[in-house]
1. Looking for something outside any loop (DSSP other than H, G, I, E, B) and either free of Cβ contacts under 8 Å to residues at least 12 places away in the same chain or within 17 Å of L286 (Cβ to Cβ) (or both) - is there at least one such residue anywhere in region 369-377?
2. Could you go through region 248-259 and let me know if any residue there is part of a helix (DSSP H, G or I) and out of contact with any Gly (no Cβ under 9 Å at 6 or more places or on another chain).
3. Assess whether L722 counts as being open to solvent by less than 40 Å² (accessible area, probe 1.4 Å), modelled with pLDDT of 90 or more and not in a loop (DSSP other than H, G, I, E, B).
4. How about region 959-992: which of its residues are in contact (Cβ under 8 Å) with a residue 24 or more places away in the chain, in a helix (DSSP H, G or I) and touching a helix residue (DSSP H, G or I) at 6+ places or on another chain (Cβ under 8 Å)?
5. Taking interchain pairs and intrachain pairs at least six residues apart, which have beta carbon atoms under 6 angstrom, with the first residue in region 582-604 and over 18 Å from M677 (Cβ atoms) and the second assigned to a helix (DSSP H, G or I) and modelled with pLDDT of 65 or more?
6. Can you tell which of E757, E819 is acidic (D, E) and either at pLDDT 90 or above or farther than 22 Å from G845 by Cα (or both)?
7. What's the total number of residues in region 130-153 that are open to solvent by 10 Å² or more (accessible area, probe 1.4 Å) and either outside any helix (DSSP H, G or I) or in contact (Cβ under 8 Å) with a residue 40 or more places away in the chain (or both)?
Amino acid sequence: MDDLEKAILFRFDESGSIDPNLKLEAVKYCESLKESTPSICRLCIERFQFTTYVQVRFWCLQTLHEVVRTRYSMISADEMEFVRKSVLSMACGGGGGGVGGGGEDDKSNVGGVLEGPVFIKNKFAQVFVTLIYFEYPLIWSSCFVDFVPNLVKGNAVIDMFCRVLNALDDELISLDYPRSGEDVAVAGRVKDAMRQQCIAQIVRAWYEILNMYKNSDAELCTTVLDCMRRYISWIDIGLIANDAFVPLLFEFILIEGLPEQLRGAGAGCVLAIVSKRMEAASKLSLLRSLQINRVLGLVAGDVDSELVSKIGLLLTGFATEALECSKRLESEEMKVVATELLDEVLPSVFYVMQNCEMDATFNIVQFLSGYVSTLKALTPLKEKQIVHVQQILEVIHVRICYDPEYRENLSIPDKIGIEEEERMIEYRKDLFVLLRSVSRVAPDITQMFIRNLFAGALVTSSDRNVEEVEAALSIFYALGEYLNEEAVRNGNPLVRELLPMLLSARFPCHSNRLVALVYLETITRYVKFVQDNDQCTPLILAAFLDERGIHHPNINVSRRASYLFMRVVKNMKSQLVPFIEKILQSLQDRVAQFTQLDWKSGDMTNSGSEDGSHIFEAIGLLIGMEDVRVPQEKQAEYLSSLLIPLCNQVQELLLNANVQNQEESYAKIANIQQLIMAINALSKGFSERLVTASRPEIGSMFKQTLDVLLQILVVFPKVDPLRSKVTSFIHRMVEVLGAAVFPYLPRALEQLLANCEPKEMVGLLVLLNQLICKFNVLMRDILEKIFPIIASRVFDVLLTREIPSGPGSNTEENRELQELQKTLYTFLHVITTHDLSSVFLTTEGKNYLKSIMPLLLHNSCYHKETTVRKSCVQIFIRLIKDWCTGSNEEERVPGFRNFIIETFAPSCCLYSVLDKSFEFRDANTLVLFGEIVVAQKIMYEKLGDEFLVHFVMKGFQTAHCPQNLAEEYCQKLQGSDIKALKTFYQSLIEDLRRQQNGTFVFR
């Protein structure tokens, strides 16, 4: 063994016995040999012939393939001649060195390609195809012509020939893989040459081989048929679809004693013939000639067999082509023929679709949708078409059924179950669209089918048909998608018949998660019908409140039921008033889970946050109504029975909070979060008018609750989730209590500010925005106190860090900074637009104007988001209105007037819009432009000629604006038509841009 063989063996060693450093050296040695050996191709072929190691032989072929593929133009003509002769000789059973250069009896060849393992044969086929890529037909024109005569040598050469043809299809010809433009051109060149030179010879060889070996070597025949199938799509169809070949293919398919793989391969070839692209009339003639009815009986066999699957694909392909012919042909006579062919195979196609696993490449929905679309023009449907529609509905039902194999996985659900459920949700979308199409073509048939499915589901005596019940309910649910609200409300006949039955139903398999979920989703979808049919109200309540819904043993179902029940209550709350006592009693145990939490155990599995919040929101919607049928004392009683235990629980959890160990503290925090969410959700049912005007004692309860929850900020000042939940509750109380919340705001805001990190400032600013919008100038005193604190913390962050952009900048930290920046601009905008700009002029507030103004100016000109730029311009407009006085009056803000005239006006109103990045074709940019024009109008009204002279003399002159346009601008600005001013100014800017050739940018 020489160094090369040792290096290759070390390189491919997987035993772990070779030192990693030695293995790395071996790799380097092999790579350096590739680069440094001029005749590396010759070396690989010669080494391949005489080595006894399969690893070395594979390396030789791999290297030969790589070198020819990447350095073809650098290989000498003599060496390429040696390579092609050797490769052809090896493929035909010789030892290399040219045809006849070794032969099968050459003892020096210790093992040819044909005797090697599969991976050697496949790699060799790749080498052969690479030569074809570069050399056929211009240089190596005889590669196929020389190969075909050698097929008489037997199985091994035939097998290699098929591998070469398969590799040629995989590597170059097949359209199943993405190809470069160059590859497409080469594929065209190769196919054209083969059609002209040798394809007829190859087809004849296929036929002779199949005839010769059909009774002796099924595996070889299968190989040949699979190879042939790939080529039918682009060769002359007459070479295959003829009186010699077609009977032979059907012979393979129909003889029962043959292996299934061989029979399936024959079916694959017939499918390729059927799928051949051609003119419709020719295709119809071809389809008729095949007499496809000969194979219809084969689909009745074992549905899990490979043969039935292949025959199913053949029949569905045949049906697809017949359907296309019926659409494309204009002759009525030929349309009838195409329809007859289609009708003949459709029952078998439907059977296959229902009972067999279909190949992923065949789109069932696409075919069935195409067929259904042809029925739209046929009214009424004929008996045969009615049968077909019924079979399509059966296919839909079967195809949307889950596999029972996943029943346990889906009921938990575990990872496998979740993946299967997601897959089926996606898969079902198209099938439900198909169902909708069928219902439009044949509404009566569809509704009868759903009725029968539903009846079958109701009489199911055990859980053995879980999947069928779930599918039946899902189809009834899908029916609601294409029924408009009026049809549901007034009661489509099918809905009127089935929904009361559904509401009363208790399926034996109701414990199954999927069945329970689709049941609840379905009755929620049809809630509009229940609204107009009072007799159904007790039924829908029972369905949600018993073990079918909120009390279902599966926690996932219970939580979803709580959410859906809340939605039902929103729609039906006035109808549910007589049932409030019953509802509260039924939910008592669920409510108790929140009012009697055992935080010490740390076990919160029985009370999910979604479950609790939605139940409390539903209760709040019911007891918060202002309906006279809910007496005042009862309403107060209901609310106190919930709020008092919840608040007591919060207070208990706050006691000695700081002396608990870490684990107990985490449990407390989690429980407090749930309690806040429950209280918050409960409050959503109460309006400001109710709690402050008509029933103030209700308002008093919420005030006391707010008092309790504000203590959380004192006890847990730095726990972000709790701060967030309390802030959310304050938002709610602003909406519920209105002005009555005002006395609580100073303390609440003080506590929120006390430990507010910059990243938490966004939530606080959002709250302040709500308060300002709600209370306007009433917020002035509070804002004057807290604005300096907010400004200090926000500007410490925004002015000391530049927010990066571009690749790699989309980090969580940068997103937080961007969110803070945008929220700050909104905050400043809300302040100025609610007559609170005096907040900036307090003794402490003035200290931050030097930071605010440059920031606003920069972002009014250059921020990447147009909406932010617009907000900044609008802020300046309000400040100009508030702070700019007549020229003889004392300035309210010293220096502001000059800043606006000398900096803001030219930078924002002229230079920023001259920038070519200011895109007038964008709708948002046009809105921003409108605000910029308004700003100019306001500046002229407030600052007069001083603004105008500076803007025109300085700004326009810098932009080289012609004198006549400057004068016209002055006239438009001094006029009263703001629309005319905007139109003229846009035209002016576009003229100036053209004058500067789009390169005039002020920064």
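1. Within region 369-377 (the criterion being outside any loop (DSSP other than H, G, I, E, B) and either free of Cβ contacts under 8 Å to residues at least 12 places away in the same chain or within 17 Å of L286 (Cβ to Cβ) (or both)), the answer is no, since none of the residues qualifies.
2. No, region 248-259 contains no residue that is part of a helix (DSSP H, G or I) and out of contact with any Gly (no Cβ under 9 Å at 6 or more places or on another chain).
3. Judged against the criteria, L722 is a match.
4. Matches in region 959-992: L965, L973, Q974, I978, L981, K982, Y985, Q986, L988, I989, D991, L992.
5. What qualifies is S586/L545; G602/A667.
6. Values: E757 fails: either at pLDDT 90 or above or farther than 22 Å from G845 by Cα (or both).
Result: E819 is the single residue among E757, E819 that is acidic (D, E) and either at pLDDT 90 or above or farther than 22 Å from G845 by Cα (or both).
7. Qualifying residue count for the region: 15.
For every residue, the table says whether it meets (1) modelled with pLDDT under 95; (2) over 23 Å from H950 (Cβ atoms); (3) open to solvent by less than 20 Å² (accessible area, probe 1.4 Å).
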| position | (1), (2), (3) |
| --- | --- |
| F840 | yes, yes, yes |
| G845 | yes, yes, yes |
| Y848 | yes, yes, no |
| P854 | yes, no, no |
| H858 | yes, no, no |
| Y862 | yes, no, no |
| Q874 | no, no, no |
| R878 | no, no, no |
| D882 | yes, no, no |
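The values are calculated or read from the model by the stated rules, or taken from the named source; none is laboratory data. Because the structure is predicted, anything quoted here is derived from the model rather than measured. Quick reminder, even Gly has a Cβ in these numbers, built from the backbone with ideal geometry, and neighbours come from all protein chains shown. Surface areas here come from the heavy atoms of the whole protein model, side chains and all, with no ligands, DNA or RNA. Shrake-Rupley method; radii C 1.70, N 1.55, O 1.52, S 1.80 Å.
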